[in-house]
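The values are calculated or read from the model by the stated rules, or taken from the named source; none is laboratory data. Predicted model, so just to flag it, every value in this text is computed and none were measured. Cβ atoms come from the backbone with ideal geometry, glycine included; neighbour counts cover every protein chain shown. For accessibility, only protein heavy atoms count, side chains too; no ligands or nucleic acids. Shrake-Rupley method; radii C 1.70, N 1.55, O 1.52, S 1.80 Å.
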Amino acid sequence: MAQGLKKLSDNGWKPRRTIVLASWGAEEQGIIGSTEFVEDYLTLLQEKLVTYINVDVASSGQQTFAPKSTPNLRLLIEEAAGRASAPLDTQFTTLLEQWTDSSNKRINELGSGSDFAAFINMAGVSCIDLTMHGDPKYFTYHTEYDNFRWLSKFADPGMKSTKAVSEVAAVILFELASQTLLPLNSVTYGAYLTEKIGQSSLEKDLADQGIDGSILTKAIERFSENAQAFEERKDAFLNQKRTAVEIRELNDKMLLLERSFIFPHGLPGRPQNMNVLFAPSSLNSYSGSVFPGLFDSITLAKEEEDPELQETRWNQVKRELTIAAWVTKAAARAMSNSVFPS
């Protein structure tokens, strides 16, 4: 990718936005390198960083494309997959065709366990994690056999899936760096929140304890309405001549959306995890969980057997519910066209 960027630069291409290529140290020791970087440059990253693209294990097979991302980047991932070559090139032309044909066409939530963690959980930056895996699973992971010979001979002959992941990353990078308006979609956020809450037992769990959960559902509804209106304004914008200030205003709103989910005090017992929507679950640090503070606190309250502690646990649930509704309202306001929206 670096060589490709150099060729573009040599031919006169200049991106609208700065591109930074980074390689982190001490990931296996606790995601130390990238976390220290985010801590050192937190204010700067929150002000300017559009997206962090993470490629940890580019390939451990050629069968399954398994990206993770924040919802606002999902449409861009699908577009990029449609412009990338298929590893199984005797059956498919593009990676999107191969991905669509599989039974695993989905984009998962970001959890932790890789270098995107600090960017999303501390800085509130939109993130993507790209990988492909195969069948059987990655049995050589973290063993002495996990080397280039195994990858190139057994997991990814011809380095076809490594190439496909690189192409997806390159297309995403190019579009984010080049387009006048950032290719981030806020409507997918509203759909994601509505789907996840609808699929959960949240409403029943809260109702069983006499807790009104409508403050969160109403906040999600308001957010979805404002996001739809914002995307319509973006579409209208593309057909009109606008000033640099107007362009910056719309792009800033898209950045502010992701930052809105940051709660400075962090999740219960985990102050470094400040993203109320996407921080990893305390019950599985590798897995992403929507509103993990809320859902983890409900799980702990339901499992608590001591009657005296049960009340404390459910009070914590009420607190997390209020915080979840508060940040969702903040995100709705970020999408609003009013100066001081309600």
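A few comments on the model shown:
- Mean sequence separation of contacting Cα pairs (under 8 Å, at least six apart), scaled by the length of segment 77-168, corresponds to a relative contact order of 34 percent.
- Distance between the pseudo-spin-label points of Phe92 and Lys6 (7 Å out from Cα toward the beta carbon): 3.2 nm.
- This model, with +1 at the C-beta of Lys and Arg and -1 at the C-beta of Asp and Glu, gives the chain a dipole about its Cα centre of some 1320 debye.
- Rounded FRET efficiency, nearest 0.05, which uses the C-beta distance separating Lys302 from Ser152 and R0 of 35 Å: 0.10
- Pair-distance profile P(r), taking every C-alpha pair of the chain, with 20 angstrom steps and integer %: 28, 57, 15, 0
- Measuring between their Cα centroids, segment 8-33 and segment 263-282 lie 26 Å from each other.
- Candidate cross-link partners of Lys253 among the aspartates and glutamates, defined by an alpha-carbon separation under 12 Å and a same-chain spacing of 8 or more, comprise Glu47, Glu231.
- Relative protection proxy for 241-251, 75-85, 59-69, from highest mean packing down: 59-69, 75-85, 241-251 (other beta-carbon atoms within 10 angstrom).
- 26 Å Cα-Cα threshold exceeded, pairs from Lys48/Lys234; Lys14/Lys68; Lys6/Lys137; Lys7/Lys105; Lys14/Lys234: Lys14/Lys68; Lys6/Lys137; Lys7/Lys105
- For Ser161, solvent-accessible area (1.4 Å; no DNA, RNA or ligand), Å²: 0
- Taking the charge dipole of segment 98-198 about its Cα centre, with +1 at Lys and Arg Cβ atoms and -1 at Asp and Glu Cβ atoms, the residue from Ala118, Pro183, Trp99 reaching farthest to the positive side is Trp99.
- Protein-only accessible surface at a 1.4 angstrom probe places the residues Asp135, Asp212 in the order Asp135, Asp212, largest first.
- Helix-only [θ]222 nm of the chain, DSSP H runs n ≥ 4, -39500 (n - 2.57) each, per residue, nearest 500: -15000 deg cm²/dmol
- Heavy atoms of the protein chains alone define the surface here; on that basis the chain has 52 Å² accessible area per residue at 1.4 Å probe size.
- Candidates Ala177, Ala86, Ala22: whichever shows maximal mean-square fluctuation once the chain is modelled as a Gaussian network with Cα springs under 10 Å: Ala22
- The chain: most fluctuating residue of Thr162, Thr328, Thr140 per GNM, C-alpha cutoff 10 Å: Thr140
- Each of Ser214 and Thr143 was given a label point 7 Å from its Cα along the Cα-to-Cβ line. The distance between the two points is 5.7 nm.
- Extent along principal axes [Cα atoms of segment 164-229; Å; largest to smallest]: 50, 29, 11
- Relative contact order for segment 259-334, counting Cα pairs under 8 Å that sit 6 or more residues apart, in percent: 28
- Euclidean distance of C-alpha centroids, segment 185-210 and segment 64-110, integer Å: 26
- Förster-model FRET efficiency, 30 Å R0, Arg248 and Lys105, C-beta, rounded to 0.05: 0.25
- Inter-label distance, Glu78 to Lys241: 3.5 nm, where each label sits 7 Å from its Cα along the C-beta direction.
- Heavy-atom accessible area, probed at 1.4 angstrom with all protein chains present, ranks Phe154, Phe261 as Phe154, Phe261, highest first.
- The chain: antiparallel DSSP beta bridges as a percent of all, rounded to 5: 55
- Of the trypsin sites (Lys or Arg not before Pro) found in segment 109-213, the ones in coil according to DSSP and having at most 11 other Cβ atoms within 10 Å of their Cβ are Lys137.
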